[in-house]
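> After the structure tokens below, expect a handful of questions from me.
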Amino acid sequence: MTADSEYKRRTVLKAGSAAVTATLVATPAATPAAAAQTDSSSVDMTLRVNGRDHRLAVEPRVTLLDALRERLDLTGTKKGCDRGECGACTVLVDGRRIKSCLTLAVMRQNVEITTIEGLVRGDKLHPLQEAFIRQDALQCGGCTPGQIMSGVACISEGHTRSADEIREWMSGNLCRCACYPNIVAAIQDAAK
Amino acid sequence: MTVGRPVERVDGRAKVTGGARYTADRTLPGMLYSYLVMGTIARGRVTAVDTAAARAVPGVVEVFTHENAPRLTSDQHFMPLQGTQIHYNGQIVAITVATTLEQAQEAAELVRVTYAPETPKAVIADALTEVYLPANQEVIVGDPTAGLAAAEVTVTQNYSSPPHHHNPIEPHATVAQWDGDRLTVHETSQGVVNAQRTFATTFGIPQTNVRVLAPYLGGGFGGKSPVWPHSLLNAAIARQLGRPAKMVLARSQMYSIVSHRAEFRQQVTLGAKRDGTLTALVHHSTQQLSRTSENMYSHSISSRMLYACPNIHTRQQGVRLDVPTSRFMRSPQMASHFGLETALDELSYQLGIDPVELRRRNYTDVNPTTGERFSSRFLLDCYKLGADAFGWSRRNPKPGSTRDGHEFVGWGMATEAHDHNANPSSAMVRMAADGTVLSQTATQDIGTGTYTVFTQVVADALGVPLNQVKVELADTNFPPAALSAGSGTIASVTGAVNAAALAVRTAVVQLAVSNPASPLHGVSVERIITQHGYLFSPDRSRRESYRAVMARHGAPVQNTSSMTNARGYSTGAVFVEVRVDPRYGRVRVTRGVGAYDAGRVMNHKTARSQVIGGFTWGIGNALMEHTVLDRRTARVVNPNLSTYLLAVNADVPEIDAIFVNKPDPVSTALGARGFGETPITGVPAAIGNAIFHATGRRIRDLPFTQDKLLY
Ligand code: FES
Ligand code: FES
């Protein structure tokens, strides 16, 4: 590990697109300063996920989502857009729902992270997981972990007083297969 | 019997726990990450690529450009990185490869490309003089000119719709691993068998050397039906570098290299008698093509197959633009169908005939283009069931006649219709010595419920409980089976699965009745009843479990069967209510009812979900979805999910799905027809028709965004 631990947030936040800018004109070669910035630098960190401490060494620019998926092999959390638009990466941090693609792993130490893998108790599904199956609130399953984590939070926030309220508070989680009415029904079921 | 029942998804548990492994979830030892660099001009040439800064990024193993990329050809698609030519904006111009994803992404941003650009053409409006008629894109039935001359009323209108992008929530991903000249690819694929063929052809190796897997697919909608060049390039990179390689597309990259629904313009002319009978139907369309492909996917099939009209003329023109090649997208016929079903609504108002009644008067159970009788068609039942459930008879047809507070309320309807594929397929069923059953076939479950329906089919054929059956899919080691596109999975593969299961049943029954140790010894094979995991004598006085028969036999019983099915056509009727806020031009869909003839319904739960999904796509297509191209640069300006708007939860009301549920006698899929693509086709027109009913405003250009209602 080197001392250079500059958080490359700009790189992280731009990562969704590698389209090259300013390409119609010749561009200067990378400056030495820019070259220096590209030095890789891992930092040791501990992430508490689903009640277990995971020690890992990754660069500070690694998002929580990529740390979960590519380093901890917790691939239940999905990447749909990598820029906060789809909700597939929703996890709970201290019980609050967040989009794990929009936060850096290094920033999420000393908190309780809950992913879809952490909802099961032994062999028993969480009531919302059961309700998703019962109501057929999933098709391809690509959005489903994010929907369920978001739904768990939606219930604990108390945003389930009406179907319309659930629709509104679940609208940050896209479902391209479009299971929306069934997702609403599942959340109503589990909120009972 | 479990077929038909609303059985819960058997893959539900894997999907709600995060246990289902999708392509991008694969991580292999020593695996490298590849990441794409996309070009920024639409037409011209690459003059130089500077990769020095990219190569200097720690962890970067290689940077590929057109100068050093593996040489590949594709018999299906334009292959980038083989030369300097640029055909569309967002073409692959380089690939970085590194030991971590972050390193590959960082390097991709540092690749500097210089171009010699030329002026591109991005939209049909900019190339109207270049419209042409590709081969085999015109059908004439009867005498359309005479039909129009005989008409007492005619409607001629132009309609248009924008490009759309498939946008499955799971990005395209590919993980390639070589072992000598054997290749294993985890691929986000709607068709592993086709993918296997493509990889084998590209790399010049026997098909048996390629294994493609896609046990879970996070949505495809047509966009994952072929193997796109980036997957071939990634596999070539893995071979060249001697390490497994994974490539996952960024969302923005999915707006240029994995296809889209083409921009579409159409003119529909209807001629009719005063009683509503159609005398002529002329449907001419123009769709966007690319510089490298003439493929087109919306063929006015509804105009040729849906209504009784003696004189039909369809013509699908194209125009080549500097944009990527389009592909079929859920549902291909939607674009042309929107024109037809809107024109019929316009005709109904000209004639003063209720839109449902107008369609009933033009109902046919004979294919108007070929003269052949449909094997079964219950569209009239759909009109009736749907209209009754919706309360259509209470509709006052006068536009603007219903208000609720400050909102205008409108009711609209349309016929829904789509053809479906049927591809020869095979499947294996094996009962193990412990009585458990495994079925394997190389078709896919793309979210539609294949795992569940085949579990039901096998369980019913054998007479065993659902939990005794396991279905495995989407692995080319399994018997080859259909591509999951064109509503073809259930229609194509069910027959083979059923036949294999029945063959296993017969073999096991034979084992029982021929063995003196069995209580069923001596009963004739045909008279045995199988149910709940048991074999019974005809009067049920004697029985033996499958488990006991198999334990005595001590070895598995297996069968592989193949089957071909007929293609088909599934229809329905959709009814919607909209509320339009005149102050903002905002349209909300507040109610939806769809009634369908899909042949036999295999699983009411998953079939209903197909309706909800299709209806929601229809809302999106009607009210928000559109890809915007900058006309100067032919660049997609909304390549992300915050500006390419999909319907969200708050956009979708309760949707009532009704099925006629009568088996199609020619279907080898236990009477089922392909269905997935039917319940979206009519929704945009139904919503537009409802907006007209609410406001008296007819909008003929999708989507019906607020600006168009406010002008
Ligand atoms: S991946 Fe985080 S919101 Fe889409
Ligand atoms: S289930 Fe496929 S995206 Fe939601």
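The values are calculated or read from the model by the stated rules, or taken from the named source; none is laboratory data. Predicted model only: the values in this text are computed from it and were never measured. All Cβ positions, even for glycine, are placed from backbone atoms using ideal geometry, and neighbour counts span all protein chains on display.
> So A:ARG134 passes all but one of these: (1) of a type in the set (D, E, K, R); (2) in contact with a Cys (Cβ under 6 Å, 6 or more places away or on another chain); (3) closer than 17 Å to A:ILE187 by Cα. Which condition number does it fail?
(2) is the only condition that A:ARG134 fails.
> Moving on. Give me the residue from the stretch A:166-192 that is away from ligand 1 (no atom under 16 Å from the Cβ) and polar (S, T, N, Q) and, out of that set, surrounded by the fewest Cβ atoms within 10 Å (Cβ to Cβ).
A:GLN188
> Quick check on this structure: which one of B:GLU407, B:GLU416, B:GLU357 is out of contact with any strand residue (DSSP E or B) (no Cβ under 9 Å at 6 or more places or on another chain), more than 14 Å from chain A (Cβ to nearest Cβ) and closer than 25 Å to B:ILE699 by Cα?
Working: B:GLU407 fails: out of contact with any strand residue (DSSP E or B) (no Cβ under 9 Å at 6 or more places or on another chain); B:GLU416 fails: out of contact with any strand residue (DSSP E or B) (no Cβ under 9 Å at 6 or more places or on another chain).
Going through B:GLU407, B:GLU416, B:GLU357 in turn, the sole match is B:GLU357.
> Another one. Considering the stretch A:88-99 alone, what residues qualify as being over 18 Å from B:THR17 (Cβ atoms) and within 6 Å of ligand 1 (Cβ to nearest atom)?
A:LYS99
> Let me ask something else. Which of the residues spanning the stretch B:25-49 are closer than 23 Å to B:ARG243 by Cβ and within 7 Å of chain A (Cβ to nearest Cβ)?
Once the filter is applied, which keeps residues that are closer than 23 Å to B:ARG243 by Cβ and within 7 Å of chain A (Cβ to nearest Cβ), the stretch B:25-49 yields B:ASP25, B:THR27, B:TYR35, B:LEU36, B:VAL37.
> Please list, ordered by residue number, the strands (runs of 3 or more DSSP E) wholly in the stretch B:1-94 having 3 or more residues that are at pLDDT below 95 and among the aromatic types (Phe, Trp, Tyr). So that I can check it myself, show each step before the final result.
Numbers: elements: B:32-38, B:44-50, B:60-64.
No strands (runs of 3 or more DSSP E) qualify here.
> Scan the stretch B:136-187 for residues that are crowded, with 21+ Cβ neighbours inside 10 Å and on the phi > 0 side of the Ramachandran plot and jot them down.
Selection gives B:ASN167 alone.
> For the stretch B:682-704, how many residues are crowded, with 19+ Cβ neighbours inside 10 Å, within 29 Å of the chain's Cα centre (by Cα) and not hydrophobic (A, V, I, L, M, F, W, C)?
Residues in the stretch B:682-704 being crowded, with 19+ Cβ neighbours inside 10 Å, within 29 Å of the chain's Cα centre (by Cα) and not hydrophobic (A, V, I, L, M, F, W, C): 6 in total.
> Could you please give the count of residues in the stretch A:154-176 that are of a type in the set (D, E, K, R), within 23 Å of A:CYS81 (Cβ to Cβ), in a helix (DSSP H, G or I) and in contact (Cβ under 8 Å) with a residue 12 or more places away in the chain? Even if it seems obvious, please write down each step before you answer.
Kept after step one, since they are of a type in the set (D, E, K, R), are these residues of the stretch A:154-176: A:157, A:161, A:164-165, A:167-168, A:176.
Now drop any that are not within 23 Å of A:CYS81 (Cβ to Cβ), which leaves A:167-168, A:176.
Keeping just the survivors that are in a helix (DSSP H, G or I) gives A:167-168.
Checking which are in contact (Cβ under 8 Å) with a residue 12 or more places away in the chain leaves us with A:167.
Residues in the stretch A:154-176 being of a type in the set (D, E, K, R), within 23 Å of A:CYS81 (Cβ to Cβ), in a helix (DSSP H, G or I) and in contact (Cβ under 8 Å) with a residue 12 or more places away in the chain: 1 in total.
> Tell me, which strands (runs of 3 or more DSSP E) wholly within the stretch B:408-477 include 1 or more residues that are of a type in the set (A, V, I, L, M) and surrounded by fewer than 24 Cβ atoms within 10 Å (Cβ to Cβ)? Give the steps one after another, and end with the answer.
Details: elements: B:425-431, B:437-441, B:469-473.
By residue number, B:425-431, B:437-441.
> Here is a list: B:THR174, B:THR188, B:THR184. Which entry is touching a Gly at 6+ places or on another chain (Cβ under 8 Å), outside the structural domain of B:ALA647 (by TED's automatic domain parsing) and either within 16 Å of ligand 1 (Cβ to nearest atom) or under 21 Å from B:THR27 (Cβ atoms) (or both)? Break it down into steps so the answer makes sense when it comes.
Details: B:THR174 fails: touching a Gly at 6+ places or on another chain (Cβ under 8 Å); B:THR184 fails: touching a Gly at 6+ places or on another chain (Cβ under 8 Å).
Going through B:THR174, B:THR188, B:THR184 in turn, the sole match is B:THR188.
> A further question on this structure: Are any residues in the stretch A:71-98 in contact with a strand residue (DSSP E or B) (Cβ under 7 Å, 6 or more places away or on another chain) and within 16 Å of ligand 2 (Cβ to nearest atom), and if so, which ones? Don't jump to the end; show me each part of the working.
Taking the stretch A:71-98 and keeping what is in contact with a strand residue (DSSP E or B) (Cβ under 7 Å, 6 or more places away or on another chain), we get A:71-72, A:74, A:77, A:84, A:87, A:89-94, A:97-98.
Passing the criteria: A:THR77, A:GLY87, A:CYS89, A:THR90.
> Restricting to the stretch B:223-244, name every residue that is surrounded by 24 or more Cβ atoms within 10 Å (Cβ to Cβ) and either within 16 Å of ligand 1 (Cβ to nearest atom) or within 14 Å of chain A (Cβ to nearest Cβ) (or both).
B:GLY223, B:LYS224
> On to the next question. Right, B:VAL509: more than 26 Å from B:VAL227 (Cβ to Cβ), in contact with a helix residue (DSSP H, G or I) (Cβ under 9 Å, 6 or more places away or on another chain) and either polar (S, T, N, Q) or outside any strand (DSSP E or B) (or both) or not?
On the way: more than 26 Å from B:VAL227 (Cβ to Cβ): yes; in contact with a helix residue (DSSP H, G or I) (Cβ under 9 Å, 6 or more places away or on another chain): yes; either polar (S, T, N, Q) or outside any strand (DSSP E or B) (or both): yes.
Yes: the conditions hold for B:VAL509.
> I'd like the full set of residues that are within 16 Å of ligand 1 (Cβ to nearest atom) and in a helix (DSSP H, G or I), limited to the stretch A:128-153.
A:THR144, A:PRO145, A:GLY146, A:GLN147, A:ILE148, A:MET149, A:SER150, A:GLY151, A:ALA153
> Still on this model: Could you name every one of the strands (runs of 3 or more DSSP E) located completely within the stretch B:204-323 that has at least 2 residues being within 16 Å of ligand 2 (Cβ to nearest atom) and farther than 30 Å from B:LEU629 by Cα?
On the way: elements: B:210-213, B:245-248, B:264-272, B:278-290, B:312-321.
Qualifying strands (runs of 3 or more DSSP E): none found.
> Moving to a separate point now. Here is a list: B:VAL471, B:VAL497, B:VAL464, B:VAL437. Which entry is within 20 Å of B:GLY671 (Cα to Cα) and more than 16 Å from ligand 2 (Cβ to nearest atom)?
Working: B:VAL471 fails: within 20 Å of B:GLY671 (Cα to Cα); B:VAL464 fails: within 20 Å of B:GLY671 (Cα to Cα); B:VAL437 fails: within 20 Å of B:GLY671 (Cα to Cα).
Being within 20 Å of B:GLY671 (Cα to Cα) and more than 16 Å from ligand 2 (Cβ to nearest atom) holds for just one of B:VAL471, B:VAL497, B:VAL464, B:VAL437, which is B:VAL497.
> In the stretch A:75-93, what count of residues is obtained for those that are without any contact (Cβ under 8 Å) to a residue 60 or more places away in the chain and more than 10 Å from chain B (Cβ to nearest Cβ)?
Total satisfying the criteria: 3.
> Which one is farthest from ligand 2 (Cβ to nearest atom), of the residues in the stretch A:128-163 that are β-branched (Val, Ile, Thr) and within 7 Å of chain B (Cβ to nearest Cβ)?
Among them, the one singled out is A:ILE133.
> Which is of a type in the set (A, V, I, L, M) and either more than 11 Å from chain B (Cβ to nearest Cβ) or within 13 Å of ligand 1 (Cβ to nearest atom) (or both), of A:LEU72, A:LEU102, A:LEU125? Let's see the steps before the verdict.
Values: A:LEU72 fails: either more than 11 Å from chain B (Cβ to nearest Cβ) or within 13 Å of ligand 1 (Cβ to nearest atom) (or both); A:LEU125 fails: either more than 11 Å from chain B (Cβ to nearest Cβ) or within 13 Å of ligand 1 (Cβ to nearest atom) (or both).
None of the other options fit; the residue is A:LEU102.
> While we're on this one: Filter the stretch B:52-63 down to the residues that are closer than 27 Å to B:TYR88 by Cβ and more than 11 Å from chain A (Cβ to nearest Cβ), then identify the one that is surrounded by the most Cβ atoms within 10 Å (Cβ to Cβ).
This residue is B:VAL63.
> Within the stretch A:177-192, track down each residue that is assigned to a helix (DSSP H, G or I) and charged (D, E, K, R). Full working, then the answer.
Going residue by residue through the stretch A:177-192, those that are assigned to a helix (DSSP H, G or I) are A:180-191.
A:ASP189, the sole residue that qualifies.
> Please go through the stretch B:641-668 and pick out each residue that is part of a loop (DSSP other than H, G, I, E, B), within 14 Å of chain A (Cβ to nearest Cβ) and in contact (Cβ under 8 Å) with a residue 24 or more places away in the chain. Write out each step before concluding.
Of the stretch B:641-668, the ones part of a loop (DSSP other than H, G, I, E, B) are B:641-648, B:652-654, B:660-668.
Add one more test, that the residue is within 14 Å of chain A (Cβ to nearest Cβ), and what stays is B:641-648, B:652-654.
The answer is B:LEU641, B:TYR644, B:LEU645, B:LEU646, B:ALA647, B:VAL652, B:PRO653, B:GLU654.
> Which number in (1) over 29 Å from the mean Cα position of the chain (by Cα); (2) facing chain A (nearest Cβ under 7 Å) marks the one condition that B:HIS66 misses?
(2)
> In addition: For residues in the stretch A:106-122 being more than 11 Å from chain B (Cβ to nearest Cβ) and in contact (Cβ under 8 Å) with a residue 60 or more places away in the chain, which is nearest to ligand 2 (Cβ to nearest atom)? Let's see the steps before the verdict.
As a first pass, look at the stretch A:106-122 and keep what is more than 11 Å from chain B (Cβ to nearest Cβ): A:106-114, A:121-122.
Checking which are in contact (Cβ under 8 Å) with a residue 60 or more places away in the chain leaves us with A:106, A:108-114.
Details: A:VAL106: 30, A:ARG108: 26, A:GLN109: 31, A:ASN110: 33, A:VAL111: 27, A:GLU112: 26, A:ILE113: 23, A:THR114: 20 Å.
Filtering the stretch A:106-122 for residues that are more than 11 Å from chain B (Cβ to nearest Cβ) and in contact (Cβ under 8 Å) with a residue 60 or more places away in the chain, the one nearest to ligand 2 (Cβ to nearest atom) comes out as A:THR114.
> Same structure, new question: Being closer than 14 Å to A:ILE116 by Cα, within 14 Å of chain B (Cβ to nearest Cβ) and either assigned to a strand (DSSP E or B) or away from ligand 1 (no atom under 16 Å from the Cβ) (or both) is the filter here, so list the residues in the stretch A:41-69 that pass it.
A:VAL49, A:ASN50
> For B:SER545, state whether it is within 30 Å of B:ALA481 (Cα to Cα), touching a residue at least 24 places away in the same chain (Cβ under 8 Å) and of a type outside the set (A, V, I, L, M). Step through it out loud before you land on a result.
Details: within 30 Å of B:ALA481 (Cα to Cα): no; touching a residue at least 24 places away in the same chain (Cβ under 8 Å): yes; of a type outside the set (A, V, I, L, M): yes.
Against the criterion (within 30 Å of B:ALA481 (Cα to Cα), touching a residue at least 24 places away in the same chain (Cβ under 8 Å) and of a type outside the set (A, V, I, L, M)), B:SER545 does not qualify.
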